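Worksheet: the structure to be examined is printed underneath.
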Amino acid sequence: MKSSKSSGSGPAAAVRSPDVWRAGLARFVNVIPHTRELGLEVEDVTPPQVRMRLPWRDTLLGDVERGLVHGGVLTMLLDTVCGSAVLCGLPAPEVCPTLDLRVDHYRPALAGQPIMAEARVLRVTGAMVFTEGTLWQDPQRPIARGIGNFVRLGARNTPAGFAEALFGEDDHA
């Protein structure tokens with residue numbers, strides 16, 4: 001496998017299979033406490049596109065009387081799926097914090113159903129990564145759309161071993 005010190009020639013996806021990316025992003029969402037506790041699942045990765053599934057749980061409710069999911073859950077889900085798309089849309093994985101996330105809510109997410117999330121990288125520049133994500137419970141009726149912009153910190157500001165940890169290459173168990 002290619003190390004995180006990429007020559008910069010081509011996307012990271014070119015050197016890792018979608019299954020390796022799926023396992024790496026599953027490791028990523030399991031390191032984040034709130035996504036781990038909520039049971040967020042990585043369903044598919046076709047770099048630079050990612051699909052995730054948030055299983056239903058009662059703690060997602062924001063309006064118990066009407067059975068509606070809290071808007072903060074939807075925002076978190078869009079931020080996570082868009083940020084995950086960023087990781088596989090770059091020449092090598094690097095730390096890229098969210099600069100801006102715009103969420104357009106189309107309809108409420110309803111109790112009792114999982115929420116699907118998909119995001120893709122739209123454009124990569126030397127300083128930024130631009131993404132778009134969608135949430136749904138019924139594929140014909142989107143819940144929300146998000147536009148996420150992420151700042152590239154570059155290899156110099158990404159911790160040594162970041163890519164190896166992401167892909168479990170430092171596991172010797």
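Sequence gap at least 6, Cα distance under 8 Å: using those rules, report the relative contact order of the chain to the nearest whole percent. Don't skip to the answer; put the middle values down first.
Details: 353 pairs, mean separation 42.1, N = 173.
Relative contact order of the chain: 24 percent.
Got the relative contact order for region 12-91 handy, in percent, Cα pairs under 8 Å and 6 or more residues apart?
Working: 86 pairs, mean separation 24.6, N = 80.
RCO, region 12-91: 31 percent.
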> Using the alpha-carbon atoms, what tilt in degrees (0 to 90, nearest 10) does helix 18-31 show relative to the longest principal axis of the chain?
Replying inline: 70
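For a quick check: sort TRP21, TRP56 by the number of other beta carbons within 10 angstrom, fewest at the front.
TRP56, TRP21
Can you work out the FRET efficiency for the pair ILE32 and ARG156, with r the C-beta to C-beta distance and R0 = 22 Å, to the nearest 0.05?
Working: r = 24 Å, r/R0 = 1.08.
Once rounded, the FRET efficiency stands at 0.40.
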>> Just to confirm my numbers, what's the Cα centroid distance between region 82-112 and region 124-171 in Å?
In response: 6
> Of (i) 1.64; (ii) 0.95; (iii) 1.04, which one was derived for Cα Rg over 2.2 N^0.38 Å from the structure shown?
Replying inline: (iii)
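How do VAL73, VAL86 rank when sorted from fewest to most other Cβ atoms within 10 Å of their own Cβ? Spell out each step's value before the answer.
Details: VAL73 20, VAL86 27.
With the fewest neighbours first, VAL73, VAL86 line up as VAL73, VAL86.
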> Which of PRO33, VAL73, GLY161 sits farthest toward the positive end of the charge dipole of the chain, with +1 on the Cβ of Lys and Arg and -1 on the Cβ of Asp and Glu?
Replying inline: GLY161
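Just to be sure I understand: of the beta bridges DSSP finds with both ends in the chain, what percent are antiparallel, rounded to 5? Don't jump to the answer; show the numbers that get you there.
On the way: 39 of 39 bridges.
If I count the DSSP bridges inside the chain, around 100 percent turn out antiparallel.
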> Nearest 10 degrees, 0 to 90: what angle lies between the long axis of helix 71-88 and the longest principal axis of the chain (Cα atoms)?
Replying inline: 20
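Looking only at trypsin sites (Lys or Arg not before Pro) in DSSP loops with at most 10 other Cβ atoms within 10 Å, what is the longest site-free stretch of the chain? Display every interim value, and only then the final one.
Values: sites that count: LYS5, ARG66.
Answer - 67-173.
Listing SER84, SER17 from the residue with the fewest other Cβ atoms within 10 Å to the one with the most, what is the order? If you can, show how the numbers build up before the last one.
Numbers: SER84 29, SER17 11.
Going from least to most buried by this count: SER17, SER84.
FYI, it's all coordinate maths here, none of it is from the lab. Because the structure is a prediction, the values reported are computed rather than measured. Cβ coordinates were reconstructed from backbone atoms using ideal geometry, including for glycine residues, and neighbour counts include every protein chain displayed.
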